[in-house]
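K.L.:
Please see the structure below; I have some questions.
Read-outs throughout are calculated quantities, based only on the coordinates presented, and are distinct from any laboratory measurement. What you see is a predicted model, and the numbers here were worked out from it, not measured in a lab. Methodologically, a virtual Cβ is constructed for each residue, glycine included, from the backbone with ideal geometry; neighbour enumeration extends over all protein chains shown.
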Amino acid sequence: MPFTIGGEWIPEPTPPELKQPIKITKEKRRGSYVTLILHLSKDVSQLKKVCSTIKQQLGCGGSVKDGAIELQGDQIENCKKILREMDYKIK
């Protein structure tokens, strides 16, 4: 109920933000593949650290854009393995 017995209005609590599962996909861009890692974190500095670690272990290029990690090439299985080692839960 949004009102108390005395008639004072009580705002309803905002629902907690739902955490989406980590999604790893690939896209074809200009004839080559790009691996995207989505819903990993909202913190840009943490995304940059994870991106740097993955790039070093895979030996590929990549960047953080629009809250997602983009890696050069088809790296889906390799990314899943590395993220599991970093204690991220992936289906």
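K.L.:
Assign one of three labels to the chain, namely rounded, prolate or oblate, based on the Cα gyration tensor with a ≥ b ≥ c the square roots of its eigenvalues; rounded applies when a/c is under 1.5, prolate when it is not and a/b is larger than b/c, and oblate otherwise.
P.N.:
Cα axes put the chain in the prolate bin.
K.L.:
Per-residue counts of other Cβ atoms within 10 Å, averaged by peptide: what ranking do you get for 59-69, 26-36, highest first?
P.N.:
For the peptides 59-69, 26-36, the packing ranking is 59-69, 26-36.
K.L.:
Which of the three applies to region 38-80, rounded, prolate or oblate, going by the alpha-carbon gyration tensor with a ≥ b ≥ c and a/c under 1.5 meaning rounded?
P.N.:
Judged from the Cα gyration tensor, region 38-80 comes out prolate (a/c at least 1.5, a/b above b/c).
K.L.:
Around K48, with a cut-off of 14 angstrom between Cβ atoms, what is the net charge of the other residues, counting Lys and Arg +1 and Asp and Glu -1?
P.N.:
+1
K.L.:
Any chance you could give the angle, 0 to 90 degrees and rounded to 10, that helix 44-58 forms with the longest Cα principal axis of the chain?
P.N.:
That helix lies at roughly 30 degrees to the long axis.
K.L.:
Grab the DSSP H runs of the chain that are 4 residues or longer, score each as -39,500 (n - 2.57), total them, divide by all residues and round the 222 nm result to the nearest 500 deg cm²/dmol.
P.N.:
The per-residue figure over the chain is -8500 deg cm²/dmol.
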